[in-house]
1. Given +1 on the Cβ of Lys and Arg, -1 on the Cβ of Asp and Glu, and no further charges, what dipole in debye does segment 49-112 carry about its Cα centre, rounded to the nearest 20?
2. Given a Förster distance of 22 Å, report the FRET efficiency between residue 141 and residue 38 from their Cβ-Cβ distance, rounded to the nearest 0.05.
3. Once fully extended, how much extra length lies between residue 89 and residue 122, figured as 0.36 nm per residue of separation less the alpha-carbon to alpha-carbon distance?
4. Taking amide hydrogens as modeled 1.01 Å from N in the peptide plane, which residues meet the under 5 Å criterion relative to residue 137, leaving out close sequence neighbours?
5. For segment 76-85, just list the computed ³J(HN,Hα) in residue order, Karplus coefficients 6.51, -1.76 and 1.60, θ = phi - 60°, integers in Hz, with x standing in for Gly and Pro.
6. Order 142, 86, most accessible first, counting only protein heavy atoms with a 1.4 angstrom probe.
7. Distance in nm between label sites at residue 55 and residue 100, each 7 Å beyond Cα in the beta-carbon direction?
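The values are calculated or read from the model by the stated rules, or taken from the named source; none is laboratory data. Please read all numbers here as calculations on a predicted model, not as lab measurements. Positions of Cβ are generated from backbone atoms using ideal geometry, with glycine treated the same way; all protein chains shown enter the neighbour counts. Remember, those area values only see protein heavy atoms, side chains included, never the ligands or the DNA or RNA. Shrake-Rupley method; radii C 1.70, N 1.55, O 1.52, S 1.80 Å.
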Amino acid sequence: MMLKPYRLAALLLALSALPAVPSAVAAPAPAVPAAAPEGHTADQIGRFLVRFYGEHGPSDHDRRHHVSQVLLERQRTTAESDVLLCAQNEPQDIAIGPVTVAQAAGVGWATVTTHWGSDRTDTFTAYVRLDSRPIRIDDVICAG
């Protein structure tokens, strides 16, 4: 029987005699801050609605530049009432309720209360798309 040289053992012995070199360990990646939610916040929508509706209703400028195409078309075909106010006349005062934002749906909304004479009020819901640029009213759903 013929003995074979232990080449592998000799190689390992030679390698172990070399100075140790630290292995390149990847440093952990720096933490990336979570991205801010896309679109308008509830606070931004609330401030927009207060400015948009004012005390008596939207201005002509706001009606042209801060309303979706769908609402503009609806207003053209609904001459008997104002689709942005769900009314035929100008209210004495307007109040905006708390804003709700549904990120998954991409929309925010608030209840708008119009005040009329004799302590009479009416409500409707104004919707704003979170990704609208510039911010604008996307839809209005009248309560009654």
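1. 260 debye
2. Efficiency computed from Cβ-Cβ geometry: 0.35.
3. Taking 0.36 nm per residue and subtracting the Cα distance, the gain is 10.7 nm.
4. Answer set, sorted by chain and number: 67, 68.
5. Working through the residues one at a time gives 4, 8, 10, 6, 7, 8, 8, 5, 7, 10 Hz.
6. The ordering from most to least exposed comes out as 142, 86.
7. 3.1 nm
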